[in-house]
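Engineer: Structure incoming, see below.
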Amino acid sequence: MNIKVSGFTIARNAVKFNYPLLESIHSILPVCDEFIVNVGDSEDQTLSLVQSIQSPKIKIIQHKWNLTLGAEVLSVQTNLALKACQGKWAFYLQSDEVVHEKDLPTIKHFIHKHADDPNVDALRFRWLHFY
């Protein structure tokens, strides 16, 4: 069974603030059929950084961020990226998050296992947050 999986993230000033954006995207790309990157109006080379990814799976959309919304701007921009996803499943990864390569088979397994289960609308994974 082939299940289309979309990955998505948002990024603005990722270079300026030293976000591991490339590592983040590459970490989940093997699971995805497409990966949407919503690139905001940056003061650095964030757009060219994303454009440098040599994968036909990458789809870039661009939006101006309304910073007067405060923290809500993150939700607005994330939802714009999600709306651009065409997959049956969508995997959201913030641009400072990475997935360990050993977890990719597990993610694929559970996506396929629950692909047609109407009682499952999300998968939740254990994660480690460190500074």
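Engineer: For the stretch 65-74, indicate whether the set of residues that are surrounded by 14 or more Cβ atoms within 10 Å (Cβ to Cβ), part of a helix (DSSP H, G or I) and hydroxyl-bearing (Ser, Thr, Tyr) is non-empty. It would help to see each step written out before you state the result.
Structural biologist: Filtering the stretch 65-74 down to residues surrounded by 14 or more Cβ atoms within 10 Å (Cβ to Cβ) leaves 65, 73-74.
When the remaining residues are screened for being part of a helix (DSSP H, G or I), the result is 73-74.
Subsequent filtering for residues that are hydroxyl-bearing (Ser, Thr, Tyr) retains none.
No, the stretch 65-74 contains no residue that is surrounded by 14 or more Cβ atoms within 10 Å (Cβ to Cβ), part of a helix (DSSP H, G or I) and hydroxyl-bearing (Ser, Thr, Tyr).
Engineer: Would you check which residues across the stretch 75-92 are of a type in the set (Val, Ile, Thr) and loosely packed, with under 12 Cβ neighbours inside 10 Å and list them?
Structural biologist: Narrowing the stretch 75-92 to residues of a type in the set (Val, Ile, Thr): 76, 78.
Result: no residue meets the conditions.
Engineer: Restricting attention to the stretch 1-26, report how many residues are open to solvent by 20 Å² or more (accessible area, probe 1.4 Å) and either among the polar types (S, T, N, Q) or in contact with a Phe, Trp or Tyr (Cβ under 7 Å, 6 or more places away or on another chain) (or both). Walk me through it before giving the result.
Structural biologist: Step one: list which residues in the stretch 1-26 are open to solvent by 20 Å² or more (accessible area, probe 1.4 Å), which gives 1-2, 4, 12, 15-20, 22-23, 26.
Of the ones still in play, those that are also either among the polar types (S, T, N, Q) or in contact with a Phe, Trp or Tyr (Cβ under 7 Å, 6 or more places away or on another chain) (or both) are 2, 12, 18.
Total meeting the criteria: 3.
Engineer: Just a yes or no: is a residue in the stretch 45-55 of a type in the set (Gly, Ala, Ser), buried (at least 18 other Cβ atoms within 10 Å of the Cβ) and within 29 Å of residue 126 (Cβ to Cβ)?
Structural biologist: Kept after step one, since they are of a type in the set (Gly, Ala, Ser), are these residues of the stretch 45-55: 48, 52, 55.
Imposing the further condition that a residue be buried (at least 18 other Cβ atoms within 10 Å of the Cβ) reduces the set to none.
No, every residue in the stretch 45-55 fails to be of a type in the set (Gly, Ala, Ser), buried (at least 18 other Cβ atoms within 10 Å of the Cβ) and within 29 Å of residue 126 (Cβ to Cβ).
Engineer: If a residue must be touching a Phe, Trp or Tyr at 6+ places or on another chain (Cβ under 9 Å) and farther than 30 Å from residue 110 by Cα, how many such residues does the stretch 59-93 contain?
Structural biologist: Looking only at that region, the number is 1.
The values are calculated or read from the model by the stated rules, or taken from the named source; none is laboratory data. Bear in mind the structure is a predicted one, so any value in this text is a computation, not a measurement. As a convention, Cβ positions derive from the backbone with ideal geometry for all residues, glycine included, and neighbour counts pool all protein chains shown. Side chains are part of the model used for accessible areas, which takes the heavy atoms of the whole protein and leaves out ligands, DNA and RNA. Shrake-Rupley method; radii C 1.70, N 1.55, O 1.52, S 1.80 Å.
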